[in-house]
1. Taking the Cα-to-Cβ direction at A:ILE85 and at B:ALA73 and moving 7 Å from each Cα, how far apart do the two end points lie in nm?
2. Let me know the shape class of the protein assembly as shown, please: from the alpha-carbon gyration tensor, a ≥ b ≥ c as square roots of the eigenvalues, rounded when a/c is under 1.5, otherwise prolate if a/b is greater than b/c, or oblate.
3. Which of A:LEU258, A:LEU173, A:LEU46 ends up with the largest GNM mean-square fluctuation for chain A, with Cα atoms connected below 10 Å?
4. State the Kirkwood hydrodynamic radius of region B:133-263 in Å, one decimal place, computed from all pairs of distinct Cα atoms.
5. When you count, for each residue, the other Cβ atoms within 10 Å and take the mean per peptide, how do B:82-91, A:111-120, B:228-237 rank with the highest first?
6. Within a Cβ distance under 15 Å of B:GLU56, other residues only, what is the Lys/Arg minus Asp/Glu net charge?
7. Give me a single rounded figure for B:187-194: the average over its residues of other chain Cβ atoms within 10 Å of their Cβ.
8. Just add up the charged neighbours of B:LEU74: K/R +1, D/E -1, any other residue whose Cβ is under 15 Å from the Cβ of B:LEU74.
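Bear in mind that the values in this text are calculations on the coordinates, not laboratory data. Since this is a predicted model, take the numbers as computed values, not measurements. We place every Cβ from the backbone using ideal geometry, glycine too, and count neighbours over all the protein chains shown.
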Amino acid sequence: MASATDSPALQAPTPQVRAPRRGLGHLRAGSLLGTVPFFAYVAVFLFIPTLVVVIGAFAGDGGVTLANVKALGEGYILDAFGRSIALSAITAVIGAVLGAVLAYALVTARPGGPLRRVVTAASGVLAQFGGVTLAFAFIATIGLSGFVTVFLRDHLGIDLYAGGVWLFELPGLALVYTYFQVPLMVIVFLPALDGLRPQWREATESLGGSTWQYWTRVAGPLLAPAFLGSLLLLFANAFSAYATAAALVSQGNPIVPLQIRGALTSEVVLGQQNLGKAMALGMVVVVALVMTGYTLLQRRTARWLG
Amino acid sequence: MAGLRARRARRQRVFRWTVLTVAGVFFLLPLAAMLEFSTRGGGTWSLLVDWPQLSETYPDLAEGILASLGQAALTALLMLALLVPTAIWVRLRLPGLRPLVEFVCLLPLTIPAIVLVVGLAPVYAWVNYFIGGSSLTLTFAYTILVLPYAYRAIDAGLSAIDVRTLAEAARGLGAGWATVMVRVVLPNIRSAVLSAAFLTVALVLGEFTIASLLNRTNLQVAINLLGKSSATMSVAVSLAALVLAFVLLLLLSLFGDRRRTSR
């Protein structure tokens, strides 16, 4: 943009017309004052809560302790982290593959057409709107008296739950998570697919390349960073999800967010509160690592498909 | 070449409709099942649109719906009051600060709501002390939750216009900073502001984690609670909420489109 207007020398005269006695120093300080409400608000409701988690994770009865963080090594907590990571990884991979195929099907349709508009809006709802409602959707579908369960039992003689009621356990969670991971993939992967120019395909063809060569030598390498980045985002999304599990899982606390709930709500065991903070810190570390990877891959994507 | 292209277009059409049909069945089946489930026994949907009757039969649900609507409206207002002036101000006067503001706004993406709630508990002890324990106080936490989405929408709107030239023209004609923001810049980013507000409303209506763990109520908490006593009603409300969110986001995409074409 116009670089001349960016230099302070040319900016200064404007306020001087109204208030000639003010110097440049006042102007900087006055300018900073304008951002005070924003930073004050964020400090209270974002930075302090984060600090509470970080400090709490290392706080004990009489000062600093590593006991909470060491307690993360206990069997049931390690198991919860393991299950959380496995659940997130599986649903992220399934969601990313299916979502990418669906996104490609959409991208071949006319941009701005009603099909794309409707599917994008629907994806937004399913990806981000409340895990509780989705849990109930699946209870209505394949719950004990759900639509599909009853239909299969009465008409085809198939019992969905012959091997136990899996909907309210990890397999059920994986199914419902997939239901919101695929739409999220559609949302985050569509822009990358839109960035693929038809000219690149034409160039491949005029050089004698086949469809297979186009996908493996041109489009594939171009899309790979975007795909991997989206995969990481999906992982973080599943790893952070709480509502679906809270509404669906009836017994025990199989995954980390539910363990944190347990630590928050139990008043029986003293010191549980700070254990909750240690687990929360563990979650932040995992999500921060994953999101850093996402940001780096995103930057790589922007080079060609931005 | 033309024949090749026609053949590929046909193949793509077949591929597109196959994929969309399969996906459509997988994604619409649960919604259809919700409709079937919630119409069993009858009377559920007529009760849902009869507000006095509904609030008498399910007082918790009515309270949750009202709380969510209040939270959505207040969060949208607070978010706009906080973000719009700051975003404009930083662009005009402190361009060096923009990366920091952007980083802070995107930070909530890396902090899961379940983690935020752990840290918010002591902060809300103070909120309780000063303002009280009303469910509307969740507005404070929700404003943080929607920051990344709202910031992206508003920032995109500001990038689409030449804020500096507009502001300099207005200042040159004797306008104060308040006039510049309210009467010059704001009307130019109207659709971005509307997008941010719509996204905020949709996100707040779907929030469960923080409300539930801070012992406050909203729509999702009420649905979850209702699921234990009246599954039919909770499924009906879930479906209604999903449809409402869908309509909101569809309207949003129409606004977004108008923004792009008018540019």
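1. Here the answer is 4.7 nm between the modelled labels.
2. Taking the square roots of the gyration eigenvalues as a ≥ b ≥ c, the protein assembly as shown is oblate.
3. A:LEU46
4. Taking every pair of different Cα atoms in region B:133-263, averaging 1/r and inverting gives 17.2 Å.
5. B:82-91, B:228-237, A:111-120
6. That sum, taken over residues with Cβ under 15 Å, equals -3.
7. Per residue, the number of nearby Cβ atoms from other chains is 0 on average.
8. After counting each charged neighbour, the total is 0.
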